[in-house]
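The values are calculated or read from the model by the stated rules, or taken from the named source; none is laboratory data. Please read these numbers as outputs of a predicted model, since none were measured by experiment. Ideal geometry is used to build each Cβ from the backbone, glycine not excepted, and the neighbour counts take in all protein chains shown. Protein only, heavy atoms only, side chains kept; ligands, DNA and RNA dropped before computing areas. Shrake-Rupley method; radii C 1.70, N 1.55, O 1.52, S 1.80 Å.
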Amino acid sequence: MSDQDHIFMQAAMEEAKKAGANGEVPIGAVLVADGQIVARSGNATILNSDPTAHAEINVIRARCKEVGTQRIPDHDLYVTLEPCAMCAAAIAFARIRRLVFAASDPKGGGVLHGGKFFEQPTCHHKVDVAHGNLSEESGAILKEFFAAKR
């Protein structure tokens with residue numbers, strides 16, 4: 001992982017913390033183009049009364065609307081937790097170039113776990129995937145959030 005990867009993942013962590021402070025599951029994402037963050041969000045499913053308002057979906061929607069297209073192949077996505085199957089599909093449909101996530105999610109992930117969306121023959125776009133950058137910090141944020149809920 002490069003220094004830039006670390007910087008962008010730190011920005012995603014900040015979005016995760018904001019989401020957690022708002023009572024949302026603390027997952028954050030930033031979308032990067034040409035070395036600049038062009039969209040950022042945390043989970044907003046409660047705020048938006050929308051089960052699809054995951055951090056990844058939020059940044060993809062915002063950027064696609066901004067540039068007026070459904071595909072953004074020159075963009076990289078940084079997210080604090082392995083995307084679920086729904087988000088993995090959105091990432092592939094948006095033709096995201098690269099996905100970097102912090103912590104893996106054996107229970108709900110759809111990239112390395114579960115349906116392994118990008119490995120399916122029905123997935124028409126293979127995303128470059130990297131993971132593990134700041135995984136301990138991301139995991140700690142999530143564990144702290146759920147421990148407080150119990």
Residue match in region 54-69 (condition: outside any helix (DSSP H, G or I) and closer than 17 Å to Gly108 by Cβ): yes
Conditions (1) open to solvent by 90 Å² or more (accessible area, probe 1.4 Å); (2) in contact with a helix residue (DSSP H, G or I) (Cβ under 7 Å, 6 or more places away or on another chain); number of the one not met by Lys18: (2)
Boolean, Gly110 is among the small types (Gly, Ala, Ser), open to solvent by 50 Å² or more (accessible area, probe 1.4 Å) and assigned to a loop (DSSP other than H, G, I, E, B): no
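Yes or no, residue by residue, for (1) modelled with pLDDT of 95 or more; (2) more than 20 Å from Cys123 (Cα to Cα):
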site: Gln4; (1), (2): no, yes
site: Phe8; (1), (2): yes, yes
site: Ala29; (1), (2): yes, yes
site: Asp34; (1), (2): yes, yes
site: Arg40; (1), (2): yes, yes
site: Asp50; (1), (2): yes, yes
site: Arg71; (1), (2): yes, no
site: Asp76; (1), (2): yes, no
site: Gly108; (1), (2): yes, no
Filtered residue count, region 52-75, keeping only those that are under 15 Å from the mean Cα position of the chain (by Cα) and open to solvent by 40 Å² or more (accessible area, probe 1.4 Å): 4
Any hit, region 79-100, residues being over 26 Å from Ala148 (Cα atoms), in contact with a Cys (Cβ under 8 Å, 6 or more places away or on another chain), of a type outside the set (A, V, I, L, M) and not in a strand (DSSP E or B): no
